[in-house]
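Each value in this text was obtained by applying a stated rule to the coordinates, not by laboratory testing. Model, not experiment: these values are computed from the prediction. Here Cβ is always computed from backbone atoms with ideal geometry, including for glycine, and neighbour counts include all displayed protein chains.
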Amino acid sequence: MRVSLWNTCVVLVLSVVLPAVLMPLSLAHAQTVPPSADVGRVQDNLELPTIPLPDGQVLELPNIQSRAKPPANAHAIRFTIQSVTVDGATAFDESTLSVLYDEFIGEEVSLNMVWNIARDITDLYHRKGYFLSRAFVPEQEIASGHVRLQVVEGFVGRVEMPDSLKADRLITRETDKITQKRPLRRQDLETLLLNLNDLPGVVFDALLKPEEQSNVGVPSGQVVLALDAEATAPHAQASFDNYGSKFLGPGQLSLGLQTALIPYHETSFSFARGIPEDELQSVSVRHKIPLTSKTKATLYGSYTHTEPGENLEANEVIGDSVAYGLSLEHSLVRQRQKNLSLNAGFEVRNSQTDLLGSPLGRDRTSVITLGVKGDTFDDTGALNQGAFTISKGIDALGSSEKGDANLSRTNADPEHLKFNASYLRQQPLPSNLLLQFQVEGQYSSDSLVSSEEFGFGGPRLGRAFYASEISGDRGFGAGLELHYLGWGSNNNIRKIPYAFYDIGRVWNEEPGRPAETASSAGLGLRLMHENANKTRFYADFYAAQPIIKSQSNPIIGDGKAPRVGVRLGVLQ
């Protein structure tokens with residue numbers, strides 16, 4: 001009887017006490033960390049200020065394009081054109097040039113028409129970019145009607161530059177190419193100067209000047225390109241914003257430094273942390289290496305540590321993420337009005353999340369990417385930017401496998417295949433208005449780990465929501481912004497008010513995660529100021545009202561009130 005009573009007591013204690021102890025632990029493990037607090041997504045959601053690149057001075061052109069005027073009495077001299085011969089033209093064939101004068105063959109014209117034909121040939125060269133070339137009427141007897149025109153096709157015969165630049169093969173490879181462009185197009189010269197000024201830590205200035213005609217053997221049309229370079233100071237940046245979530249922030253402090261520790265190499269450091277709590281800390285470093293003036297390689301690495309607060313704090317959720325990789329970018333077109341480049345990369349990312357000291361998420365991914373991006377201005381003056389990227393997870397360097405325990409998403413496939421695309425258009429409108437439209441999206445038929453999902457929300461798209469407040473294997477985000485650019489500048493402070501609307505939707509392959517839609521609209525104001533030392537200060541304020549979806553885990557209120565965003569920054 002005593003044994004039976006003892007056994008009964010033991011059973012009662014075990015059935016009451018153990019569930020009370022184990023239930024919070026089991027519930028904690030079952031809880032999913034919100035995407036806005038997921039350490040695998042934090043680094044991508046951090047938006048550091050953009051460092052402005054130095055611009056070289058506007059290219060100064062020599063005065064070599066003046067057109068000789070016809071004789072004063074040219075209108076009174078008339079004759080019949082029998083033939084037209086154009087000497088010195090190599091950029092265009094005879095059939096192209098003859099279109100400009102065929103209609104006058106056999107017709108009686110004034111002498112002015114000969115100069116008009118030369119002018120039209122010069123205009124053709126200039127329209128096609130041969131800005132140093134010109135046609136003129138040499139001395140001749142044309143009473144017989146046989147007209148001869150001469151074309152001088154301009155080119156860079158030699159490049160003048162300091163000895164320090166002459167000794168650098170990276171520079172001389174490009175300057176040697178420009179001397180082979182005969183005749184020279186403006187696009188070729190522009191590409192050279194833009195590629196040179198893309199090199200970090202230095203800014204190039206250029207001057208075109210006529211070759212001294214006293215030099216014996218100087219070909220007609222030859223000019224000299226004088227290059228000079230000046231080292232630039234390191235660029236520093238800092239910003240504070242309240243774009244963080246309830247769990248990581250909401251305050252965020254971001255610092256960055258960009259410098260050239262090695263000539264023509266760019267090294268960038270960045271650091272971010274949550275304010276006021278140490279809920280978020282992130283550091284990254286990037287080193288860009290110029291393989292040629294058109295091809296760059298970038299090595300990078302980052303480390304992020306999170307300890308989400310609020311209701312996740314009691315569960316001791318701790319996240320760590322390490323990412324490192326290599327990317328290559330090759331410029332196909334480099335112009336002020338048009339750019340196109342290819343890129344490829346390989347990235348390894350290891351993310352882990354612990355809950356109450358036990359593993360909750362373990363993602364190890366190795367991903368290769370191939371992409372193309374470009375921008376152009378169209379005939380309406382609108383800027384168009386687009387990008388397309390293919391990403392493929394591979395089995396390398398200890399990456400996770402489908403079915404592994406503790407993956408951040410059930411049934412996630414680390415060897416996924418996904419496609420990303422984005423497009424942005426900025427259209428100038430009458431009355432000092434600018435309309436901006438942007439859309440981005442992702443498609444994958446695989447279930448993805450957290451860091452590879454598409455996220456909507458944050459200061460770019462979905463301003464009423466936290467970064468990645470909704471996320472999924474597939475998704476899109478789109479937004480409209482209307483800017484007013486006519487507000488005057490007081491005390492050198494530029495003010496740009498704007499209104500916006502954005503919407504996004506995500507879909508998931510994982511069972512139990514339904515599709516979600518979110519949208520918001522609001523008003524904002526951007527302020528910019530540059531002082532005499534070229535230090536730039538800026539501020540961005542906005543109020544965004546959630547429309548379709550209420551905010552998840554709002555800092556205050558029920559998630560239906562407008563969210564106020566603030567960013568203050570300085571660039572040097």
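Here are the numbers for this structure:
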read-out: Packing rank of 463-476, 371-384, where each peptide gets the mean count of other beta carbons within 10 Å, highest leading; value: 463-476, 371-384
read-out: For residue 221, net neighbour charge (Lys/Arg +1, Asp/Glu -1) across residues whose Cβ lies under 12 Å away; value: 0
read-out: Cut-off 11 Å between beta-carbons: net charge of the residues surrounding residue 324, Lys and Arg +1, Asp and Glu -1; value: +1
read-out: Relative contact order (%) - criterion: Cα under 8 Å, at least six apart; region: the range 520-572; value: 38
read-out: Beta bridges per DSSP with both ends in the range 155-231, % antiparallel, nearest 5; value: 65
read-out: Between helix 2-30 and the chain: long-axis angle, C-alpha atoms, 0 to 90°, nearest 10; value: 10
read-out: Check: the range 212-350 dipole with +1 on Lys, Arg Cβ and -1 on Asp, Glu Cβ, in debye; value: 860
read-out: Segment residue 539-residue 510, length gained on full extension (0.36 nm per residue, minus Cα span); value: 6.4 nm
read-out: Sites residue 406 and residue 313, calculated FRET efficiency, Cβ-Cβ separation with R0 25 Å, nearest 0.05; value: 0.75
read-out: Partners for residue 166 among lysines (Cα-Cα distance below 26 Å; same-chain residues under 8 apart left out); value: 177, 181, 209, 288, 294, 296
read-out: Inter-label distance, nm, simple model (7 Å from Cα along the C-beta direction), residue 356/residue 489; value: 6.0
read-out: Mean separation of Cα contacts under 8 Å, 6 or more apart, over the residue count of the range 78-152: relative contact order %; value: 46
read-out: Proximal aspartates and glutamates relative to residue 373, as straight alpha-carbon distance under 14 Å, when same-chain residues fewer than 8 apart are discounted; value: 329, 440
read-out: R0 of 35 Å, Cβ-Cβ distance residue 417-residue 337: FRET efficiency to nearest 0.05; value: 0.50
read-out: Volume per residue that the Cα convex hull of the range 155-231 spans, once the total is divided by residue count, Å³; value: 91
read-out: (i) 36.1; (ii) 27.7; (iii) 37.4, with the label sought being that of the calculated mean projected area of the Cα convex hull in nm²; value: (iii)
read-out: Gained length - residue 392 relative to residue 116, 0.36 nm times residue gap less alpha-carbon distance; value: 93.3 nm
read-out: Base-10 log of normalised Debye intensity for the range 373-454 (one unit scatterer per alpha-carbon) at q = 0.13 Å⁻¹; value: -0.57
read-out: DSSP-defined antiparallel bridges as percent of all bridges, the chain, nearest 5; value: 95
read-out: Using θ = phi - 60° and Karplus 6.51 cos²θ - 1.76 cosθ + 1.60, couplings along the range 441-447 (whole Hz; Gly, Pro as x); value: x, 9, 10, 7, 8, 9, 7
read-out: Integer Hz, Karplus 6.51/-1.76/1.60 couplings in order for the range 259-267, x for Gly and Pro; value: 8, 10, 5, 10, x, 6, 9, 10, 10
read-out: Gap separating the Cα centres of the range 173-206 and the range 321-396, nearest whole Å; value: 28
read-out: Debye, to nearest 20: dipole size of the chain, +1 on Lys, Arg Cβ, -1 on Asp, Glu Cβ; value: 540
read-out: Separation of alpha-carbon centers, the range 515-567 and the range 250-278, rounded to whole Å; value: 23
read-out: HN-Hα J in Hz across the range 125-134 - Karplus 6.51, -1.76, 1.60, θ = phi - 60°, x for Gly and Pro; value: 4, 5, 4, 8, x, 7, 6, 9, 9, 7
read-out: Sites residue 377 and residue 107, calculated FRET efficiency, Cβ-Cβ separation with R0 60 Å, nearest 0.05; value: 0.90
read-out: Degrees, to the nearest 10: 186-197 long Cα axis against longest axis of the chain; value: 40
read-out: Positive minus negative residues near residue 39 (Lys, Arg vs Asp, Glu; Cβ under 12 Å); value: -4
read-out: Relative contact order %, the chain, counting alpha carbon pairs below 8 Å whose residues are six or more apart; value: 9
read-out: Rough spin-label spacing in nm, given labels placed 7 Å along Cα→Cβ, for residue 73 and residue 166; value: 5.5
read-out: Residue 411 long-range amide H proximity, modeled H, under 5 Å; value: 403
read-out: Estimated 222 nm signal from helices in the chain, with DSSP H stretches of n ≥ 4 weighted -39500 (n - 2.57), rounded to 500; value: -4500 deg cm²/dmol
read-out: Contour excess over end-to-end distance, with Cα ends at residue 370 and residue 433 and 0.36 nm allotted per residue; value: 19.0 nm
